[in-house]
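Below is one structure; the comments refer to it alone.
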Amino acid sequence: MNTITPRAEATKLLEAVDIWRRFGQTWAVQGAGLQVQKGEVFGLLGPDAAGKTTLIRILVGLLDPDRGQARLLGHPATAESAEVRASIGYMPQQYSLYGDLTVGENLAFFASMFGLRQAEYSERRKKLLQLTRLERFHDRRADALSGGMYKKLALACALLHQPQVLVLDEPTNGVDPVSRREFWDLIASFVREGMGVLISTPYMDEASRCSRVALMHQGRILEQGVPHDMLKRFEGAAFRVEGPHRDLLAQHLDHHPAVIALSPSGGSLRVVVSPSGLEDIRQLAARHEATLVPVPPIFEDVFLDRLRNTSVQPHEQNP
């Protein structure tokens, strides 16, 4: 199987350069840029309709951008390129397997699509079934698998041809917590072998499992960086609210301009406050006989704060 030879100057596996794409009058991606390095997990984080899937489909060559370029090992990534298809493992968000085929039959089908020789296929099939713990389910139909097992099979199919880059579109969406953890453990094992992984997710808590992340909203990348560093730079403060009049206080906090986030947390209330409004919130809490107990910020606080301080307006004309 042919794979792309890296250009001498290429230091990144996958790259988006000023990508723009619209559907009708709606800009799905607006000037997005990112780089995926060898041996790292790059997380593309954002809510539904942020533009993550569109950007990913451009990066794997399934969509053409209106402007900008997707590059694989320094070369343009296009769907017509057999080398691109051989160098990227892609797991789409939607169901992509054949439900009426068994686990083993799906693997055999995708092996034939990748043109694997029987010896290669047998070795990789055995290894991937062991890694995903699907050996004893090889005769089970794909449509009879649980959500987590289905995702593992889809991952195994995407890895059969040993790609240099693995692109995963919301692979942990809709699976149980145990399957999510096992899925991330699998990804970590591939990265240790030098593979580069681009993964999209709406779950902000998965940022900590990534080497670097990009926050995406309404087609734009708001910020990129190392999750730990981004969390350290967060200037707001998070509190657990305690007191007999907590619900009444929540009504006042709900629309307060200094409040970044307000949500139930167990049997109490969690509030995240910007630095400029901290004293005002303390006074408001005191008037309602409430206590603000400091708690660690989470990555979702970083995203909401960044979103709050960014004006994202869709373009109506060509960039």
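Please work out the Cα center distance from segment 272-296 to segment 32-75, rounded to the nearest Å. Cα centres, segment 272-296 to segment 32-75: 40 Å. By the Kirkwood approach, averaging reciprocal distances over each pair of separate Cα atoms, the chain gets a hydrodynamic radius of 21.6 Å. Mean residue ellipticity, 222 nm, helices only, the chain: the sum of -39500 (n - 2.57) across DSSP H runs of n ≥ 4, divided by residue count and rounded to 500, is -9500 deg cm²/dmol. Here r is the Cβ-Cβ distance between Ser189 and Ser122 and R0 is 25 Å; the resulting FRET efficiency, rounded to 0.05, is 0.75. Loop-located chymotrypsin sites (Phe, Trp or Tyr not before Pro) across segment 20-121 with a Cβ neighbour count of 15 or fewer within 10 Å are Tyr95, Tyr98, with loop assigned by DSSP. Across the chain, the relative contact order, built from alpha-carbon pairs under 8 Å that are at least six residues apart, equals 21 percent. Using a cut-off of 21 Å between Cα atoms, the listed pairs Lys126/Lys152; Lys12/Lys126; Lys126/Lys151; Lys127/Lys151 include Lys12/Lys126 as exceeding that distance.
With both labels modelled 7 Å from their Cα along Cα-to-Cβ, the Arg140 to His256 distance reads 5.0 nm.
You can think of it this way: the chain between Glu105 and Gln93 has 2.2 nm of extra reach, that is 0.36 nm per residue less the Cα-Cα gap.
Note that segment 229-242 has calculated 3J(HN,Hα) couplings of 5, 5, 5, 5, 7, 5, 9, x, 9, 10, 9, 9, 9, 10 Hz, one per residue in order, obtained from phi through the Karplus relation 6.51 cos²θ - 1.76 cosθ + 1.60 (θ = phi - 60°); glycine and proline are x. Using a Gaussian network model of the chain in which every pair of alpha carbons under 10 angstrom is joined by a spring, one finds that among Ala50, Ala119, Ala238 the greatest mean-square fluctuation is at Ala119. Within the listed set Ala32, Ala70, Ala144, the residue fluctuating most in the Gaussian network model of the chain (springs between alpha-carbon atoms under 10 angstrom) is Ala144.
No lab work stands behind these numbers, since they all come straight from the coordinates. What you see is a predicted model, and the numbers here were worked out from it, not measured in a lab. In this analysis, Cβ positions are derived from the backbone assuming ideal geometry, glycine residues included, and neighbour counts consider all displayed protein chains.
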